[in-house]
Every structure is written in C-alpha cells, then in structure tokens.
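Heads up, the thing below is written out as structure tokens.
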Amino acid sequence: MTLNIAFIGGGNMARSLITGLLKQGHAPDGIRVSEPYAPTREALAAETGIPVLDDNRRAASGSAVWLFAVKPQVMKTVCAELKDLAQAERPLILSIAAGITATQLETWLGGNLPVVRIMPNTPALLGAGASGLFANAQVSAEQKNLASALFGATGLCVWISEEALMDTVTALSGSGPAYVFLLCEAMQAAAEKQGLPAEAARALAVQTFVGAARMLSESGEPADVLRQRVTSPNGTTHAAITTFESGGLRELVQNALDAARDRGESLSREND
C-alpha cells in the first residue's frame, strides 16, 4: 500500500494496526500519527520508525484516511479541531471509539463524509483480533474494501448492516477477551485451592483455552456440539457443566452482555 494514513491517537490498538500495515509492506513514510502523551509518542516512533507528532492537524493534513483511536470522551473535541480540514480534504473517516456513532462523527466533522465505525479487540495486537465494521451511506465499495484490508491486518473482519448492533459487537468481541481472562483466572484459582501448584495451574488453564479455541476455529463444529462431545453422562465434565447450568451461567452471561451493550449506548448519549 502507498495510501497516506493518519492515526489520531497512538495507543495500543493504533500500534497493533500500524504494525500489521508495516508487515503487509505499507511504506512507513505513508503513515503519520498524532499522540499527545510524550512517552507514548517516543516509544511508538522508536518501535516503528514512523513520524509521531503532537499535532492532530499536521498528522491529518494530506492523508486520504483518518483513523480515530482516541477515547470516546474526547472525540467531539478532537473532531471540532479537525472539522474545517475534514471538509476541505474529504478523507475516509475510520473510528474505533466505543459508543460513538457514525452519525455523530460525521456531524462533528461537518457532514457528508464517508465514515466506517470499527470495534476491534485486544488480540489484534497478535494478529488474532476480531473486528466488527459498520459503514455509513457515504462509504463506497472501494472504501469498504480498503477498511477490510486495513483491519484484516489484525485478524477477522465482519461487516454489520445495522449500526445499533455495533454495541452488541462491543459487548461480545470488543469486551469478550476480558471475559475469557476472568474465567481463566477463576479456573486457575480454583485449581490452586484444590492444591495444584500455581505454575502448573496457570500452564494447564492457559493451554486449555488455547486448545479449545483452536478446536472451535478449526473443526468447523458449533460450540454446543463440541461441548456435548466431551461431556460423558455422569462423568466429571458432566458434573462441572451441571453445576455451571444450575448456577445460572447462561443468564449471567446474558446479563453481562446486556450491561456492556447498554454502557455502549450510554457512551453515545453522554458524548452527544
């Protein structure tokens, strides 16, 4: 790729995307980043060799794609600073800010702009991410392909047709790695309480998640089929699964995803 891309914000997710682009052969001088925090600027520049600035307008000027990787709480202010430039240059706008809608972004940047909203997750740092994407009506087929190529550098991309469902994507895959970490943490602690050494408990718990995830990904079988296949009647797995079910695990997971989705919706309202 030779397209000029400006990252507004240089945190972990921006770093993972930039690393993926560079691995794909994107020229370093075609990427610019604006990041207000000096230590992050310096670390990113040293790691990637790309220009990392402290000025949003300088980073964005002349770039065909602007990727907003800032916190939802500051997005409106950042957009106000770039509004005139956006109207003059008409870039493709990409955003990974949770809860901020494409309509809000387009409005804050002056209107009539192509906006793609993306919800990635932290495994993107390893090239194993999952991203949900939504495009507004101004986004062309070519621009959608470009967004897919950019985020394909970090893992799976799935296009979502209704923007309201992006808050569900946030609840499912955006926040989802933390749920996996929590369950792994709980399983490890339970094994240690039963007497297993901490090092062994961690190694076995982590590899169990790695192996199970590979089976889900590579076998093509749905989760319920794989679960049933390893759950012998009246066996040890059956005893554990019965305890999960009788304890209301499914309802708890539903409530957790509902809470995450609702928080995403409220972020939009709070920052309007």
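The values are calculated or read from the model by the stated rules, or taken from the named source; none is laboratory data. Please read these numbers as outputs of a predicted model, since none were measured by experiment. Ideal geometry is used to build each Cβ from the backbone, glycine not excepted, and the neighbour counts take in all protein chains shown.
A few remarks follow.
- Filtering segment 45-79 to residues that are outside any helix (DSSP H, G or I) and β-branched (V, I, T) leaves I50, V52, V65, V70.
- Meets criteria (among the small types (G, A, S), under 22 Å from G111 (Cβ atoms) and assigned to a helix (DSSP H, G or I)) for A147: yes
- Cross-chain or 6+ apart pairs with Cβ under 8 Å, segment 223-241 first and at positive phi, then surrounded by 10 or more Cβ atoms within 10 Å (Cβ to Cβ) and at pLDDT 95 or above: none
- Residue count for segment 154-170, restricted to those that are surrounded by fewer than 21 Cβ atoms within 10 Å (Cβ to Cβ) and under 14 Å from P120 (Cβ atoms): 6
- Cβ-Cβ distances below 9 Å connect the following pairs, each with a first residue in segment 146-170 that is in contact (Cβ under 8 Å) with a residue 60 or more places away in the chain, a second residue that is of a type in the set (D, E) and part of a helix (DSSP H, G or I), and a separation of six or more residues or different chains: D167/D262; D167/E265.
- Any hit, segment 14-27, residues being touching a Lys or Arg at 6+ places or on another chain (Cβ under 8 Å), at negative phi and at pLDDT below 90: no
- Against the criterion of being touching a helix residue (DSSP H, G or I) at 6+ places or on another chain (Cβ under 6 Å), under 30 Å from T77 (Cβ atoms) and aliphatic (A, V, I, L, M), A171 qualifies.
- Leading residue by the ranking (surrounded by the most Cβ atoms within 10 Å (Cβ to Cβ)) among those in segment 76-110 that are under 12 Å from D272 (Cα atoms) and of a type in the set (S, T, N, Q): T101
- Residue match in segment 189-207 (condition: assigned to a helix (DSSP H, G or I), closer than 22 Å to A130 by Cβ and within 22 Å of the chain's Cα centre (by Cα)): yes
- Identity of the residue in segment 221-272, within 25 Å of M119 (Cβ to Cβ) and of a type in the set (G, A, S), that ends up modelled with the lowest pLDDT: S268
- Filter pass, R214 being closer than 26 Å to A64 by Cβ, modelled with pLDDT of 95 or more and not β-branched (V, I, T): no
- Criterion: at pLDDT 95 or above, within 28 Å of L44 (Cβ to Cβ) and of a type in the set (A, V, I, L, M, F, W, C) - qualifying residue of L126, L113: L113
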